[in-house]
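The values are calculated or read from the model by the stated rules, or taken from the named source; none is laboratory data. Not measured: the values here are computed from a predicted model. With ideal geometry, Cβ positions are generated from the backbone for all residues, glycine too; neighbour counts draw on all protein chains shown.
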Amino acid sequence: MELNILLGTLLIGAGVGFLSGAFGKGGAAVSSPLLHAIGVPAIVAVASPLPATIPATLLAGRKYAHEGHVDRRVLRVGLLVGLPLTAAGAYLTRWVPGEQLVLATDAILLFLAVRILLGGHDETNDEVVPSVSMLRTAFVVAGAAVVSGLLGNSGGFLLAPLFISALHMPVRRALGTSLALAAALAVPGTIVHAYLGHIDWTLALVFGLASVPLASFGASVALRMRERSLTLMYGVGIALLSGGLLAFAR
């Protein structure tokens with residue numbers, strides 16, 4: 001593999017790791033179009049960041065859990081529903097071209113960025129823990145798991161905003177629960193994509209060397225800063241990134 005691609009992967013991994021830890025969303029989803037933009041084949045760009053997602057999200061999720069920001073009931077339902085459906089979504093990539101998956105990632109990122117910027121969220125709600133419907137949780141996780149398997153990510157980019165908008169969870173609780181669940185959902189996705197030969201393990205290792213430590217750092221920063229400021233920064237950054245990638249997609 002060319003040196004410039006490896007160096008680019010290292011930089012992308014660092015940025016993506018920080019995003020994953022800080023926001024519990026958008027990590028692996030951001031990496032696929034960026035890796036593809038620097039010359040990585042589409043399906044390899046989709047799948048190769050997945051192995052690094054497991055330790056990165058585990059480390060970041062532990063920091064949120066230590067502060068009491070993980071909903072264990074939602075986590076249990078999410079594991080039961082999400083694990084098999086993530087594997088099913090990953091297996092469907094046998095018949096879906098990688099270029100279409102990258103474009104889908106860009107479009108979903110832009111949609112979520114607009115929702116984040118327009119939706120807003122009262123950061124004082126972090127002190128309120130609402131009753132969450134387990135049936136609604138199952139439907140939310142089911143949809144996110146299939147899409148996440150197809151797009152080669154662990155689900156955090158969909159789970160966190162869905163937990164906030166559909167389940168009305170407080171922001172930090174949504175982020176912490178998303179990270180904990182995403183760590184588990186990355187396992188079946190990694191196994192299936194590895195079986196299908198979609199993972200470049202050199203690329204995965206380089207990506208992980210940068211993303212794993214930065215994910216833990218990102219979580220620490222997010223827990224110290226105002227969530228409103230972090231959400232605004234994230235929404236603007238992802239909107240610019242996804243819009244630019246869609247504009248120049250070939």
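Restricting the search to helices (runs of 4 or more DSSP H) fully inside segment 1-95 and requiring at least 3 residues that are closer than 14 Å to ALA180 by Cα gives 3-23, 50-66, 72-91. Looking across segment 165-189, the residues that are more than 22 Å from GLU67 (Cα to Cα) and surrounded by 24 or more Cβ atoms within 10 Å (Cβ to Cβ) come down to LEU185, ALA186, GLY189. Inside segment 115-145, residues that are of a type in the set (Val, Ile, Thr), at pLDDT below 85 and in contact with a Gly (Cβ under 8 Å, 6 or more places away or on another chain) make up a count of 1. Residues that are under 18 Å from the mean Cα position of the chain (by Cα) and polar (S, T, N, Q) within segment 195-229 comprise SER211, SER216, SER220, listed in sequence order. LEU110 meets the conditions (1) in a loop (DSSP other than H, G, I, E, B); (2) surrounded by 15 or more Cβ atoms within 10 Å (Cβ to Cβ); (3) modelled with pLDDT under 85; (4) not polar (S, T, N, Q) in every case but one. The failed one is (1).
When PRO188 is tested against (1) closer than 22 Å to PRO33 by Cβ; (2) under 16 Å from the mean Cα position of the chain (by Cα), only condition (1) is not met.
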